Amino acid sequence: MHIHILGICGTFMGGVAQLAREAGHTVTGCDAHVYPPMSDALRNAGIDLLEGYDASQLDAVHPDIFVVGNAVSRGNPLLEAILNRGLPYTSGPQWLSEHVLQGRHVLAVAGTHGKTTTTSMLTWILQKAGLNPGFLIGGVPQWGGRSAALGDARPGSPFVIEADEYDTAFCDKRSKFVHYRPRTAVLNNLEYDHADIFENLAAIEKQFHHLVRIMPSEGLVVANGRCEALDRVLAKGCWSKLERFDADAGWSLAGDGTVSFAGERIGVLTLGMPGRYNALNAVAAAAAARSVGVPPEKSLALLADFAGVKRRLEVKGVESGVTVIDDFAHHPTAIAETIHALRTRVGGHRILAVLEPRSNTMKLGTMKDRLAGSLAEADRVYCYAGRGVAWEPAEALAALGGEAFATHDLDELIRAVLAEARAGDTILCMSNGAFGGIHGKLLEGLRARGGEVR
């Protein structure tokens with residue numbers, strides 16, 4: 001089969017492309033901006049890429065089907081040409097379900113926070129346990145250069161997937177994850193997000209209910225035991241086996257790392273990633289791995305060597321005693337948890353938190369009133385408001401007083417951070433985008449100053 005993917009450089013669609021190519025299909029694709037690192041990964045996989053969405057592509061490629069990413073909307077010239085000519089098309093999740101996931105034991109990780117980390121942990125466990133799982137992760141794990149692989153494609157073999165609640169495509173407004181039909185599902189947590197497509201938290205809860213209600217009675221739901229929103233989801237019906245984590249009656253985690261299940265001690269979790277929320281991600285991964293035959297005590301032992309995920313407290317470099325870290329955090333809860341986890345690592349040393357409110361939810365200002373509180377544990381706060389931010393960050397951060405600096409000029413932000421940084425500090429950059437290459441620019445600036453850093 002020849003498939004042509006619209007929006008191929010997105011994390012999910014790029015993963016679909018790599019899986020399709022590995023399965024022997026001919027894959028081509030296009031995007032508004034064909035950009036690395038995904039463009040490099042795709043070309044290395046033998047996938048031809050076209051820049052833009054010009055309708056003339058229909059004369060250049062003649063696929064069996066077009067696979068349309070959810071970033072592609074009505075009015076897109078290529079999509080309009082496909083519709084006008086009556087050519088066959090489908091969504092990425094639908095194609096994946098029919099051509100990759102069919103017959104596999106799908107382990108799906110869903111939730112507002114921690115999906116990428118937990119998916120990566122679960123994949124790591126199954127790989128090291130010798131199960132050769134397939135996987136599709138919404139980020140690049142530190143232990144490998146790929147975000148997706150078929151693994152053992154025989155019927156019943158495990159496939160681990162990051163299960164996003166965002167909508168599927170222009171033609172299908174259900175959440176992506178309903179297409180995956182998991183036998184094992186991890187529900188990490190649930191908060192309001194994606195304000196551009198969900199009017200309130202109840203609307204997202206409904207989508208999670210749709211996920212739970214399609215799971216088999218022989219399946220397993222591993223759910224956060226301290227999340228009221230998930231409680232409401234499960235109260236609407238759960239026909240599968242249910243295990244709670246961060247719950248005394250289910251999977252519990254003590255302060256010393258001791259993991260127990262139903263009151264029975266399993267072992268001690270030793271994890272290189274800081275923060276209780278990462279430890280709970282690990283517990284959830286171990287619980288899910290048990291559903292495909294990996295003993296939880298073995299999972300805990302394997303997680304001791306887990307190397308983490310790129311863009312999750314990833315150290316980008318150290319110059320003149322200043323550490324620069326990159327993190328994907330963009331929701332107030334994730335921002336607060338990330339800073340707290342870093343605090344447990346650096347102790348009394350200063351944290352300079354540098355934030356870009358870039359997600360659609362953050363740009364709309366839906367959670368601006370929570371922003372100052374989420375950054376309170378940092379010593380200094382710097383906020384860059386780029387294009388599309390519909391509110392004034394300086395006003396939202398006013399509660400932090402002189403500890404906060406906000407600007408619409410990225411170069412001004414960088415100068416302000418460099419003027420403040422001194423040896424022993426950690427600069428934590430948080431954004432769900434490239435953030436204008438700020439990490440490299442900060443490291444270059446620190447390098448140029450050399451001994452001048454206070």
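The values are calculated or read from the model by the stated rules, or taken from the named source; none is laboratory data. Given the structure is predicted, the values throughout are model-derived calculations rather than measurements. Cβ placement follows ideal geometry from the backbone for every residue including glycine, while neighbour counts extend to all protein chains displayed.
Key figures
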{"item": "Qualifying residue in segment 117-129 (condition: assigned to a helix (DSSP H, G or I), small (Gly, Ala, Ser) and not assigned by TED's automatic domain parsing to the domain that holds Glu22)", "result": "yes"}
{"item": "Scope segment 132-146; condition more than 17 Å from Ala110 (Cα to Cα), outside any strand (DSSP E or B) and under 18 Å from the mean Cα position of the chain (by Cα); matching residues", "result": "Val140, Gln142, Trp143, Gly144, Gly145, Arg146"}
{"item": "Condition check for Lys115: closer than 21 Å to Gly275 by Cα and among the charged types (D, E, K, R)", "result": "yes"}
{"item": "Search result, residues across segment 1-42 that are in contact with a Ser or Thr (Cβ under 9 Å, 6 or more places away or on another chain), outside any helix (DSSP H, G or I) and either crowded, with 19+ Cβ neighbours inside 10 Å or aromatic (Phe, Trp, Tyr) (or both)", "result": "Ile3, His4, Ile5, Ile8, Cys9, Asp31"}
{"item": "Every residue from segment 229-241 that is of a type in the set (A, V, I, L, M, F, W, C) and surrounded by 15 or more Cβ atoms within 10 Å (Cβ to Cβ)", "result": "Ala229, Leu230, Val233, Leu234, Cys238"}
{"item": "Positions within segment 258-278 being surrounded by 14 or more Cβ atoms within 10 Å (Cβ to Cβ) and hydrophobic (A, V, I, L, M, F, W, C), in sequence order", "result": "Val259, Phe261, Ile266, Val268, Leu269, Leu271, Met273"}
{"item": "Residue in segment 123-133 that is of a type in the set (Ser, Thr, Tyr) and modelled with pLDDT under 90 present", "result": "no"}
{"item": "Residues of segment 148-163 that turn out to be in contact with a strand residue (DSSP E or B) (Cβ under 8 Å, 6 or more places away or on another chain) and surrounded by fewer than 22 Cβ atoms within 10 Å (Cβ to Cβ), as a count", "result": "7"}
{"item": "Any chance Ala419 is in contact (Cβ under 8 Å) with a residue 60 or more places away in the chain, exposed (fewer than 15 other Cβ atoms within 10 Å of the Cβ) and either over 27 Å from the mean Cα position of the chain (by Cα) or assigned by TED's automatic domain parsing to the domain that holds Phe198 (or both)", "result": "no"}
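Let's see how each residue does on (1) in the same structural domain as Leu352 (by TED's automatic domain parsing); (2) surrounded by fewer than 13 Cβ atoms within 10 Å (Cβ to Cβ); (3) in contact with a helix residue (DSSP H, G or I) (Cβ under 7 Å, 6 or more places away or on another chain):
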position	(1), (2), (3)
Cys383	yes, no, yes
Arg387	yes, yes, no
Glu392	yes, no, no
Glu395	yes, yes, no
Ala399	yes, no, yes
Ala404	yes, no, no
His408	yes, no, no
Asp411	yes, yes, no
